Amino acid sequence: MSGAMLGRVKSRLATLACALVLTSCAGFMPASLQHPLAGAQAPAMPDVRSEADSTEGAEVGIWHGSVVKATVVDFWASWCPGCQQSLPALDALYRDKRDEGLRVVGVSVDQRRDDAFAAARALNASFPIVVDQDAHLMSQYRVGQVPLTFVVDRSGTVRWVGRDTGELRRAVEVLLAE
């Protein structure tokens, strides 16, 4: 075999190896933050309605349902600079993937409902917002700092926890493809 021919064979093998690696990695969940809920059952959420409704309601497993394949639970606050950047990215993900089975719930840790809903409107958030004034959900989800996002599968298991919106998108896409 000539040197040129051997070079082409090696090049094709390298291309094939790269393609196999990319294909096999496409279905893997991105690395999650170390968090006690990663891999555990997500705590129940209140019944999520519009902002005009009370967020106090019967607790339901919002991730269950025939069309829901993944639920994102995002803890944020109106005064949080990182949240001002992550909420628009989360809304773009929601608008892009909701018809594929994505549900998103924003959990504001603001003390005042008006502050939370004003910020959500200013950031064009189109997904439901729950205001956790008494920090009950924050405690159940063990949130020490915002923003913090949880991706929950259709069975209610927390599959990813993090802050990076690019990794969030990858985690959601993995669950939607399952």
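The values are calculated or read from the model by the stated rules, or taken from the named source; none is laboratory data. Just so you know, these numbers come straight off a predicted model, no measurement behind them. No Cβ is skipped: glycine too gets one built from the backbone with ideal geometry, and neighbour counts run over all protein chains shown.
If a residue must be free of Cβ contacts under 8 Å to residues at least 12 places away in the same chain and either part of a loop (DSSP other than H, G, I, E, B) or of a type outside the set (Gly, Ala, Ser) (or both), how many such residues does segment 137-152 contain?
Qualifying residue count for the region: 2.
The rows are residues; the columns are (1) crowded, with 20+ Cβ neighbours inside 10 Å; (2) among the aromatic types (Phe, Trp, Tyr).
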site: LEU123; (1), (2): no, no
site: ASP132; (1), (2): yes, no
site: HIS136; (1), (2): no, no
site: TYR141; (1), (2): yes, yes
site: PHE150; (1), (2): yes, yes
site: VAL158; (1), (2): yes, no
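Of these, ASP134, ASP114, which one is in a loop (DSSP other than H, G, I, E, B) and charged (D, E, K, R)?
Just a single option satisfies the conditions, and that option is ASP134.
Taking the condition assigned by TED's automatic domain parsing to the domain that holds PHE75, outside any helix (DSSP H, G or I) and touching a helix residue (DSSP H, G or I) at 6+ places or on another chain (Cβ under 9 Å), does SER155 pass?
Considered against the rule, which asks whether it is assigned by TED's automatic domain parsing to the domain that holds PHE75, outside any helix (DSSP H, G or I) and touching a helix residue (DSSP H, G or I) at 6+ places or on another chain (Cβ under 9 Å), SER155 comes out as no.
Taking into account only those residues within segment 160-178 that are touching a Leu at 6+ places or on another chain (Cβ under 9 Å) and aliphatic (A, V, I, L, M), which is surrounded by the most Cβ atoms within 10 Å (Cβ to Cβ)?
VAL172
Name, by its number, the condition in (1) without any contact (Cβ under 8 Å) to a residue 40 or more places away in the chain; (2) closer than 22 Å to HIS35 by Cβ; (3) touching a helix residue (DSSP H, G or I) at 6+ places or on another chain (Cβ under 7 Å) that does not hold for ALA125.
For ALA125, the failing item is (2).
Within the group LEU168, LEU90, which residue is modelled with pLDDT of 95 or more, of a type outside the set (Phe, Trp, Tyr), touching an Asp or Glu at 6+ places or on another chain (Cβ under 8 Å) and in a helix (DSSP H, G or I)?
Within the list LEU168, LEU90, the selection yields LEU90.
Residue by residue through segment 127-178, note down the ones that are closer than 21 Å to ASP99 by Cα and of a type in the set (Gly, Ala, Ser).
SER155, GLY156, GLY166, ALA171, ALA177
Kindly indicate which of VAL146, VAL104 is crowded, with 22+ Cβ neighbours inside 10 Å and of a type in the set (Val, Ile, Thr).
Answer to the check: VAL104.
For segment 78-97, indicate whether the set of residues that are among the acidic types (Asp, Glu) and either surrounded by fewer than 24 Cβ atoms within 10 Å (Cβ to Cβ) or without any contact (Cβ under 8 Å) to a residue 40 or more places away in the chain (or both) is non-empty.
yes
Of (1) modelled with pLDDT under 95; (2) over 20 Å from VAL158 (Cα atoms); (3) aliphatic (A, V, I, L, M), MET29 satisfies all except one. Which?
The failed condition is (2).
For segment 93-111, which positions are more than 11 Å from the chain's Cα centre (by Cα), outside any helix (DSSP H, G or I) and either within 14 Å of VAL152 (Cα to Cα) or of a type outside the set (Val, Ile, Thr) (or both)?
GLY101, SER108, ASP110, GLN111
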